[in-house]
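In what follows, a single structure is set out as structure tokens and then discussed.
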Amino acid sequence: MTEGLITGAPKRKSQLPSERVRAFLDKDVATFANRPSSSESKSDHGHPETPHLRTIPGLDGIRGLSVAAVVCFHAGIAGAGGLYMGVDGFFVLSGYLITSLLIGDIVRNGSVSFSSFWSRRARRLLPALFALIAVVLFVEAFWGDPLELPTVRGDAIAALFYSSNWYYIWTHLGYFGQSQALSPLQHTWSLAIEEQFYIVWPIIFAVVIKWRKSIKPMIYVAGIGAILSAGAMALIYGSGQGLDQAYYGTETRAQALLVGATLAFLLSRPNIGRDSRVVKASAAGGPLAFLAIVVLWSQASGPPAWMFRGGFFLSDILVAIVIASVVLAPRRLFNEALSVKPLRALGKISYGLYLWQFPIVIMFNNARTGFSGIGLFALRTFISILMAIVSYYLIEQPVRLGAALKKRAAWLVTPAVVSIMFAFALIIGTLTPTVNSQALVNNHALNAPQVPISDPIRVLLVGDSVAESLGQGASYLDSTDNVNLSDSAIIGCGTLTGGLVMENGSVSPQGGDPVPCSQWASYYAQRINDFHPDVTVMLAGRWETLNRNWGNGWEQIGQSDFDNRLMASLKQAISVLTQGGAPLVLLTAPYYSVIDPTTGAIYPEDDTSRVDLYNSMLRQAAQGVPNVQVLDFNSFMDPNGQYAEYINGLPIRQPDGIHITNPVGGEWIADWLYPKLINIGLKYRQQNG
């Protein structure tokens, strides 16, 4: 994900400062690479090292640790729920290195060559990404889940144009509490943010330099920009715009890149490497910052709300301190530890490893390999590293060093490759899923309404992400089945809120999208007031079967305090959802089956007994309440009393073991559910004129 320090004299330069200004800039800047310092940066012979942009082994070590953290997070390792923050480590380092390159251009040449800069970025990043997308499209087309082909098409196109982060905001596809199966290209959101930064940042840099004739103002531009970005993240998260916007937005994640850029400007100040106090402080600060990062990331699972209210920014500052320590005091013990060969080797292939490890985790699962636990983790890691090595030596390095393509040829080949893969993505997205479509047709014909209704029954669907996934598939039949469905579920939220939640071995507070979980009651009340439903449907239960800690230790369903809280929340939901007068239908929860990658068994919260307890309490809460009835959705979804992924050859549950497939599962359920809801809604209309 991050760039190495690439040198080379540009052939074409944008005419920015004049020679007189360049002479001034030479006095204004001393990049860390040109700066002789104390013995920390001397060669083995005792002379200062003065290459233009020297290699610093510890930076490769930081890359290696960052990518290792992300690999562990994506593998679902117990206790690794906060290691998604490894991406932020990449961001800070990228901001630092890219800005150092820009400063170096100004110092050496008096200007920034946009064509050379962007050409280097393209040679470094595009070939490996193109190879990944091509392989993913090929595998998905011939061996993937047919139901996921339209999703992969959109993901591939977004990745090709480095817009994945905005695409996932638009489609509500997130890492946390997602209602769809994970895409093998979902991790490209971070590459999109970096590429957007690479396009905009050099322009801002050049404009400010031309305007102010000095690099010093850029310290304030980058520093204030980082603070504003962190503030935007806090505001967006707090305003209820959703977790995806706060997590994926370029405006919110730029803080890490700008923190790295700020560090580059600070370290470019003259004589900073000769100041023994600065060197000693950085040498001491590096290990302390590293320990703080370990503590911070260990508590970041979820992510919790405080991460969006300064936690990301704090992590970025700590990473910057570690980088400064490595740059200014590379010979200290801590920084020598970051320079060990295994970490450096991992850092050198970090870009390819980041690209390949996530698709491999998705594709090489327990069902396909028969492996579980440490064996599955080892298999995935081995294949990921192997692919990263192949990518580095056969794709990245040859193109980057110019052996594969000349610059002019690259300008012709790149659009051609993008066009070919764009067409391929469009084609596979239109392939017909090879599922038992006749079973779906027969089921629909059996349950389809015989008489159209001029004013379709208005159905308000609420609940968690399982309800949201149901609504996505069921909505395909709205126009033909006399139903106007409003999918108003809150991703990541049921009725039970507060405290910490343990899901899949990770601990975190609940998030909520489009509103925080604590606001579900007011949100649903507003939806009822706006939509005026003829019938309201609630499907929840996933979050109610997870372990929780409200401050007095961990509890689970079946324990008195937990059950009292759950019953109160269910009664509150019934009260809120019936306040408009429309009847309420409560669907019992289906079973879940999420596999622990370290054991190969389901997680404890997915034991069928927990769901049975929830469904029993749901019936108790509804008992005797007018206009409320319970439908046995559990028996329909799991007819044999255990989790069912397929019914009559139809894949009704997603590979994640939680959500409903779109559209097949949603349509299958709609054929069973819609006739019941139509009858209930018609009766309500008749009774109320």
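The values are calculated or read from the model by the stated rules, or taken from the named source; none is laboratory data. Being a predicted model, the structure only gives us computed values, none of them experimental. Using ideal geometry, Cβ is built from the backbone for each residue, glycine included, and neighbour counts are taken over all protein chains shown.
How about region 266-293: which of its residues are buried (at least 19 other Cβ atoms within 10 Å of the Cβ) and among the basic types (Lys, Arg)?
Result: Arg269, single match.
Going residue by residue through region 616-632, is there one that turns out to be surrounded by 18 or more Cβ atoms within 10 Å (Cβ to Cβ), out of contact with any His (no Cβ under 6 Å at 6 or more places or on another chain) and within 30 Å of Asn366 (Cβ to Cβ)?
Checking region 616-632: not a single residue is surrounded by 18 or more Cβ atoms within 10 Å (Cβ to Cβ), out of contact with any His (no Cβ under 6 Å at 6 or more places or on another chain) and within 30 Å of Asn366 (Cβ to Cβ).
Considering every residue within region 226-233, establish whether at least one is surrounded by fewer than 23 Cβ atoms within 10 Å (Cβ to Cβ), at pLDDT 95 or above and under 17 Å from the mean Cα position of the chain (by Cα). Can you show your working first?
Step one: of region 226-233, the residues surrounded by fewer than 23 Cβ atoms within 10 Å (Cβ to Cβ) are 227-228, 231-232.
The next check asks that each one be at pLDDT 95 or above; those that pass are 227-228, 231-232.
Okay, now just the ones that are also under 17 Å from the mean Cα position of the chain (by Cα), so none.
There is no residue in region 226-233 that is surrounded by fewer than 23 Cβ atoms within 10 Å (Cβ to Cβ), at pLDDT 95 or above and under 17 Å from the mean Cα position of the chain (by Cα).
Could you tell me which residue of region 93-124 is nearest to the chain's Cα centre (by Cα), considering only residues that are at pLDDT 90 or above and hydrophobic (A, V, I, L, M, F, W, C)? Full working, then the answer.
The initial filter retains those residues of region 93-124 that are at pLDDT 90 or above, namely 93-103.
Adding the requirement that they be hydrophobic (A, V, I, L, M, F, W, C) leaves 93, 97-98, 101-103.
Details: Leu93: 19, Leu97: 23, Ile98: 23, Leu101: 28, Leu102: 29, Ile103: 31 Å.
The selected residue is Leu93.
Quick one: count up the residues across region 327-355 that are part of a helix (DSSP H, G or I) and surrounded by fewer than 24 Cβ atoms within 10 Å (Cβ to Cβ). Quick ask: steps written out before the conclusion?
Going through region 327-355, the residues part of a helix (DSSP H, G or I) turn out to be 327-328, 333-337, 341-348, 350-355.
In the following step, the residues that additionally are surrounded by fewer than 24 Cβ atoms within 10 Å (Cβ to Cβ) were identified as 333-334, 336-337, 341-346, 348.
Qualifying residue count, region 327-355: 11.
Of the residues Gly154, Gly86, Gly110, which single one is closer than 23 Å to Leu59 by Cβ, surrounded by 19 or more Cβ atoms within 10 Å (Cβ to Cβ) and in contact with a helix residue (DSSP H, G or I) (Cβ under 8 Å, 6 or more places away or on another chain)? Before you say what the answer is, go through the steps one by one.
On the way: Gly154 fails: closer than 23 Å to Leu59 by Cβ; Gly110 fails: closer than 23 Å to Leu59 by Cβ.
Step by step, each of Gly154, Gly86, Gly110 is checked, and only Gly86 is closer than 23 Å to Leu59 by Cβ, surrounded by 19 or more Cβ atoms within 10 Å (Cβ to Cβ) and in contact with a helix residue (DSSP H, G or I) (Cβ under 8 Å, 6 or more places away or on another chain).
Sort out which residues of region 469-519 are over 19 Å from Arg309 (Cβ atoms), out of contact with any Leu (no Cβ under 6 Å at 6 or more places or on another chain) and at pLDDT below 80, and write them in order of number.
Listed by number, the residues that qualify are Tyr476, Leu477, Ser479, Thr480, Asp481, Asn504, Gly505, Ser506.
Within region 69-78, can one find any residue that is within 18 Å of the chain's Cα centre (by Cα), touching a residue at least 60 places away in the same chain (Cβ under 8 Å), assigned by TED's automatic domain parsing to the domain that holds Ser298 and over 26 Å from Tyr393 (Cβ atoms)? Don't jump to the end; show me each part of the working.
Our first condition is that a residue be within 18 Å of the chain's Cα centre (by Cα); within region 69-78, this holds for 69-77.
Among the residues that remain, those that are also touching a residue at least 60 places away in the same chain (Cβ under 8 Å) are: 69-71, 74-77.
This time we only want the ones that are assigned by TED's automatic domain parsing to the domain that holds Ser298, so: 69-71, 74-77.
Filter again for over 26 Å from Tyr393 (Cβ atoms), leaving 76-77.
Within region 69-78 (the criterion being within 18 Å of the chain's Cα centre (by Cα), touching a residue at least 60 places away in the same chain (Cβ under 8 Å), assigned by TED's automatic domain parsing to the domain that holds Ser298 and over 26 Å from Tyr393 (Cβ atoms)), the answer is yes, since at least one residue qualifies.
Take Asp596 and decide whether it is among the acidic types (Asp, Glu) and modelled with pLDDT under 95.
Numbers: among the acidic types (Asp, Glu): yes; modelled with pLDDT under 95: yes.
It is true that Asp596 is among the acidic types (Asp, Glu) and modelled with pLDDT under 95.
Answer yes or no as to whether Arg277 is farther than 27 Å from Ile106 by Cα, part of a helix (DSSP H, G or I) and either outside the structural domain of Leu328 (by TED's automatic domain parsing) or of a type outside the set (Asp, Glu) (or both).
Working: farther than 27 Å from Ile106 by Cα: yes; part of a helix (DSSP H, G or I): yes; either outside the structural domain of Leu328 (by TED's automatic domain parsing) or of a type outside the set (Asp, Glu) (or both): yes.
The answer is yes for Arg277.
So in region 651-689, with the set limited to residues that are part of a helix (DSSP H, G or I) and hydroxyl-bearing (Ser, Thr, Tyr), which one is nearest to Gly463 (Cα to Cα)? Spell out how you get there, then give the answer.
Pass one, region 651-689, residues part of a helix (DSSP H, G or I): 664-687.
Then keep just the ones that are hydroxyl-bearing (Ser, Thr, Tyr); that gives 674, 684.
Values: Tyr674: 17, Tyr684: 22 Å.
In this case the residue turns out to be Tyr674.
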